[in-house]
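*Asks:* The following block contains the structure, expressed as structure tokens.
The values are calculated or read from the model by the stated rules, or taken from the named source; none is laboratory data. Note that this is a predicted model, so its numbers are computed, not measured. Cβ: placed from backbone, ideal geometry, glycine included. Neighbour counts: every protein chain shown. Heads up: the accessible areas ignore ligands, DNA and RNA and are worked out on the full protein's heavy atoms, side chains in. Shrake-Rupley method; radii C 1.70, N 1.55, O 1.52, S 1.80 Å.
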Amino acid sequence: QVQLVESGGGLVQPGGSLRLSCAASGRFVSIYAMGWYRQAPGKQRDLVATITSGGRTNYADSVKGRFTISKDNAKNTVYLQMNSLKPEDTAVYYCNAGGIISAALMKDDNDYWGQGTQVTVSS
């Protein structure tokens, strides 16, 4: 089992910045990949960015050049630095973790999700 706790959402004006954090805890020894997804009202949940334990990153085209994902492996924490925010970035942002190796050294095929944090970009 893995628990993900997000923080850092809020209200920001267009052009502003926010930094989201997601801390993973539980009985595991490693996580292969963590990432951020977002869901706007009435829309599906979409990928924002992912990062592997080796540092490989992947971004949605809509956020490239504006958002940066990073990870502190020692703290099992992933960050999303969001700059030049636009009203269309408004959504609930969810943290995700996958590719878990449990404390019993078993592969865990589950995807884990945080509770979500609201990001609102508005003047």
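*Asks:* Output the residue which, of all residues in the stretch 53-71 that are free of Cβ contacts under 8 Å to residues at least 24 places away in the same chain, farther than 16 Å from Gly15 by Cα and within 13 Å of the chain's Cα centre (by Cα), is least open to solvent (accessible area, probe 1.4 Å).
*Replies:* Ala60
*Asks:* From the set of residues in the stretch 7-39 that are of a type in the set (Ser, Thr, Tyr) and open to solvent by 50 Å² or more (accessible area, probe 1.4 Å), which is farthest from Gly98 (Cα to Cα)?
*Replies:* So the residue we want is Ser17.
*Asks:* Continuing with the same structure: Taking the conditions exactly as written (open to solvent by 30 Å² or more (accessible area, probe 1.4 Å), assigned to a loop (DSSP other than H, G, I, E, B) and touching a residue at least 12 places away in the same chain (Cβ under 8 Å)), does Gly42 satisfy them or not?
*Replies:* So Gly42 does not fit the description; no.
*Asks:* Among the listed residues Asp89, Asp108, identify the single one that is more than 16 Å from Val5 (Cα to Cα) and more than 15 Å from the chain's Cα centre (by Cα).
*Replies:* Asp108
*Asks:* So, one more: Output the residues belonging to the stretch 99-123 that are outside any loop (DSSP other than H, G, I, E, B), crowded, with 18+ Cβ neighbours inside 10 Å and not charged (D, E, K, R).
*Replies:* Hits for the stretch 99-123 are Ile100, Tyr112, Thr117, Val119, Val121.
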